[in-house]
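Step one of this worksheet: look at the structure below.
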Amino acid sequence: MRAVCYRGVNHLEVENVPDPKILNPHDAIVRVRLTTTCGSDLHLLDGYIPTMQKGDIIGHEFMGEIVETGPEVRKVKRGDRVVVTPVIGCGQCWFCENQLWSLCDNTNPNAGIPERLWGQSVAGIFGYSHMLGGYAGSHAEYVRVPFADNGCFKIPEGVTDEQALFVSDAFPTGYMAADLCDLKGGEVVAIWGCGGVGQMAIRSAYLLGASRVIAIDRFPDRLRMAQHRGTAEVLNYEEVDILEALKEMTGGRGPDACIDCVGMEAHESGPEYWYDKAKQTVRLETDRPIVLRQVIHACRKGGTVSIVGVYGGFVDKFPIGAAMNKALTFRMGQQHGQRYAERLLNIIREGKIDPSYLATHRMPLEDAPLAYQMFKTKQDGMMRAVFTTNGR
Amino acid sequence: MGTAMRALPAESPVAAWRRPRAMAPAYMHAAGSIASGIGAGALVVWGMRRKGVVGKMAALAGGALAVRAAAAVAPVYRDVILAPVRIQRSVTINKSPEETYRFWHSPENLPRFMRHLVSATVSGDRVHLTARRHDGHPMELDLVVDRDVPGQYISWHTAGGIKSHAGAVAFRPAPGNRGCEVIFEMSYRSAIGEAGRFIGKLRGRDPGTMVSGMLRRFKQVVEAGEIPTTRDQPRGV
């Protein structure tokens, strides 16, 4: 089959690789129909997440059709049209039972690496470095899905492939970001980063009761999408002082909840960016916490900070004093997709949110290296490139 | 609660293998002996190279000193280098202690999570293990079960052989309905002791890492019914 393989920092190639086989009793093989770029792939390609190896198949946000199942697969069957969560959950450990799927104890074959780095291991993820399992990713014609009964969700009639695709990652991550804010109704929510996840966080925050959503980015087309599709108020950080603007927009209180949809490669127009970029380049810190610092400063006293942008290691100048004295609540994590998938498919079926507008570019899998270049530099208003396989 | 707080009962063979105390004076004496041993060796070499009676006398005297130094170092080798290495690792499993114990107690299950183990058969209080070594050759090992408390505890020691050790595994309920805490402890004497352990660690083969891996696989098999793998999955060249 054809697959998009990592060859080195910012170097991808589409190669011929063997088809995947069933390796464990709870496995299924999915023929990929659509698979899409995710901002977190850029951290891998840029070399900021260690343990990537030459030849790794990348990609984790996908939908397709089940073509084969292992002997212990019960719920899904051959021919089912499914969307698949990127995080692999066994369904049996304490964390899965408590709906904390991305913390699954049993799906990372390389659990020893995160145990040394982070104290404990977390769940395996498709195409997301060997530290997080080393599973072959979804930018391929076929993918092996371990614990298929937990990770594959049948797509109901009336929901298109392109709508269902984003129930894999962008939608549940954005939804969880808003869910973690524990909104009671009437809150002002500020969201940093208007990529696919940020766009979904905007829609989800309104759905869960926010009365105002303020979205922050620097790319005009992304801000336009946040404004027109998400009905958010928008701020361009290259044009305004974000902390001042947020204060003024909220009567001096600051937003009740602040969501970081950016993560470790944050950008800023001032000298702070170069300070962190320099430290990151020489590995004095692994992650640039520019957004994280702003989020903590901006948040109202006693408010909630919700982090779904990806961090990997260590940050510097973390304003713990502001966080502690303002009594902020921190919620964060990789998305627990299995907790949200059915709920989100229903939201789509009922017509409340249609995430397919994230798919700004549709391209054949063969064009993936070009697509990632465009995606990284945000060319041509690219929000998400969706890859089709088999020339469809 | 007194005994429940302990991972292992005090009378466990593992506890009895603990390192002897108050050896410090002997060690300090030995340090001097090592120094004099080196001097003795030098004397032997000098004497052997020199012709004549003086050389022979010096070599003989050096030899005698070397023997004396070796005799003083021997207990240190026995007590320090050969001191038992003790390893303890724990894991929490989302099942009852009874169920977890039962799985461990069934010999046919052991090869599912103990790497290199081919089979385990039980007769009376003995367990016969067949394993495959790193070089592929088979290895046989007999264990004697010392204590077996259903749902709680199993301890054993090896009946001779080069891979001799004593071990125990305890199963106790985890607080707050979190299943079962499994505590595995083993103790063994190795000809190269701590040094060997350090070398093993550099090669990623130290017993602590291996025990952690075994407990992780045990948990994976008991909870999820399979051990996650990426072996033989597709990848680019």
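The values are calculated or read from the model by the stated rules, or taken from the named source; none is laboratory data. Small disclaimer: the values here were computed from a predicted structure and weren't measured. Cβ placement follows ideal geometry from the backbone for every residue including glycine, while neighbour counts extend to all protein chains displayed.
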Among residues of the range A:17-27, those that are closer than 16 Å to A:GLY137 by Cβ and either aromatic (Phe, Trp, Tyr) or touching a Gly at 6+ places or on another chain (Cβ under 8 Å) (or both), counted
2
Criterion (at pLDDT 95 or above, surrounded by fewer than 22 Cβ atoms within 10 Å (Cβ to Cβ) and within 28 Å of A:VAL122 (Cβ to Cβ)) met by exactly one of A:PHE314, A:PHE375, A:PHE330:
A:PHE330
Take the range A:328-369 and flag every residue that is closer than 16 Å to A:LEU34 by Cβ, in a helix (DSSP H, G or I) and more than 18 Å from the chain's Cα centre (by Cα).
A:ILE348, A:LEU365, A:GLU366, A:ASP367, A:ALA368
Consider the range A:187-227. How many of its residues are out of contact with any helix residue (DSSP H, G or I) (no Cβ under 6 Å at 6 or more places or on another chain), farther than 20 Å from A:ALA245 by Cα and surrounded by fewer than 24 Cβ atoms within 10 Å (Cβ to Cβ)?
3
Taking the range A:15-37 as the search range and keeping residues that are outside any loop (DSSP other than H, G, I, E, B) and at the interface with chain B (Cβ under 9 Å from one of its Cβ atoms), which one is surrounded by the fewest Cβ atoms within 10 Å (Cβ to Cβ)?
A:ASN16
Pick out, from the range A:38-152, the helices (runs of 4 or more DSSP H) lying fully within it that include 2 or more residues that are within 13 Å of chain B (Cβ to nearest Cβ), touching a residue at least 60 places away in the same chain (Cβ under 8 Å) and of a type outside the set (Phe, Trp, Tyr).
A:148-151
For the range A:251-304, how many residues are touching a residue at least 24 places away in the same chain (Cβ under 8 Å), closer than 18 Å to A:LYS317 by Cβ and β-branched (Val, Ile, Thr)?
6
Which of the residues spanning the range A:61-91 are touching a strand residue (DSSP E or B) at 6+ places or on another chain (Cβ under 8 Å), within 22 Å of A:ASN106 (Cα to Cα) and acidic (Asp, Glu)?
A:GLU61
Restricting attention to the range B:181-210, and to residues there that are within 14 Å of chain A (Cβ to nearest Cβ) and modelled with pLDDT of 95 or more, which single residue is surrounded by the fewest Cβ atoms within 10 Å (Cβ to Cβ)?
B:GLU181
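Can you name every residue in the range A:94-146 that is of a type in the set (Phe, Trp, Tyr), out of contact with any Asp or Glu (no Cβ under 8 Å at 6 or more places or on another chain) and over 24 Å from B:ARG89 (Cβ atoms)?
A:TRP101, A:PHE126, A:TYR128, A:TYR135
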Being facing chain A (nearest Cβ under 7 Å) and touching a residue at least 24 places away in the same chain (Cβ under 8 Å) is the filter; apply it to the range B:220-237 and report the residue that is surrounded by the most Cβ atoms within 10 Å (Cβ to Cβ).
B:GLN220
